[in-house]
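Notes follow the structure.
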Amino acid sequence: MASPAKVPNNASNKENPEGANVDKIRDILFGSQMRDYEKRFVRLEDTVTKALDTLREDMTKRLDTLGSFIRQEVDSLSTRLKSEKSERTEAFKEISREIKDGGKVIEKKLSQLEEQMSDGQGELRAKLLEHSKAVSSEIDKLRRDTAAALNREVDVLRDEKTDRAALADLFTEFSLRLKNKFELPEE
């Protein structure tokens with residue numbers, strides 16, 4: 001608080017000599033207390049100002065420290081994020097490459113299998129054709145052999161078998177001989 005306004009003695013005396021007297025009385029009665037209050041207020045104001053300055057400096061230091069810490073953490077997290085992103089990108093590329101290589105290997109194996117199957121089918125067809133020709137020729141030979149054997153047996157049976165007419169002639173001759181009516185032709 002500011003001290004009560006003192007009016008200079010010369011000016012107050014010239015204009016209002018009674019007002020000057022009141023100021024003097026007031027200064028006499030309350031002057032020492034007012035000067036004491038003024039000193040206290042000045043000291044309190046200095047203390048508060050110093051405390052505010054200290055608090056301001058402390059808060060500035062803390063905010064600077066906190067800002068620095070946050071920047072370091074953000075930088076650290078950003079670096080880690082970039083690193084992880086890079087690692088994952090590389091891992092993804094590696095997996096893609098492995099899948100592509102695996103696909104090529106599988107495709108190659110399938111192509112080889114198809115080729116082997118095609119070759120095997122051709123070989124199997126050739127063997128089946130050869131076998132069917134062999135079986136056909138064997139069947140044809142068996143048919144010819146069977147027909148020849150049957151013809152031989154038929155011929156043997158014909159040679160050995162007496163036919164009905166010859167048998168009838170034989171019985172007729174036999175019956176005539178039994179009756180003594182058979183006459184031998186002359187030679």
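Residue check: is residue 170 without any contact (Cβ under 8 Å) to a residue 24 or more places away in the chain, in contact with a Ser or Thr (Cβ under 9 Å, 6 or more places away or on another chain) and surrounded by 10 or more Cβ atoms within 10 Å (Cβ to Cβ)?
When the stated conditions are applied, residue 170 passes them.
Mind checking whether some residue in the range 58-70 is in a helix (DSSP H, G or I), over 60 Å from the mean Cα position of the chain (by Cα) and either modelled with pLDDT under 90 or surrounded by 10 or more Cβ atoms within 10 Å (Cβ to Cβ) (or both)?
No: zero hits.
Exactly one of (1) at pLDDT below 80; (2) in a helix (DSSP H, G or I) is unmet by residue 5. Its number?
Only one criterion is unmet by residue 5, namely (2).
Mind checking which residues of the range 38-85 are acidic (Asp, Glu) and in contact (Cβ under 8 Å) with a residue 24 or more places away in the chain?
38
State yes or no: is residue 52 hydrophobic (A, V, I, L, M, F, W, C) and over 58 Å from the mean Cα position of the chain (by Cα)?
So residue 52 passes the test.
The values are calculated or read from the model by the stated rules, or taken from the named source; none is laboratory data. Everything quoted here is computed from the prediction, not taken from an experiment. All Cβ positions, even for glycine, are placed from backbone atoms using ideal geometry, and neighbour counts span all protein chains on display.
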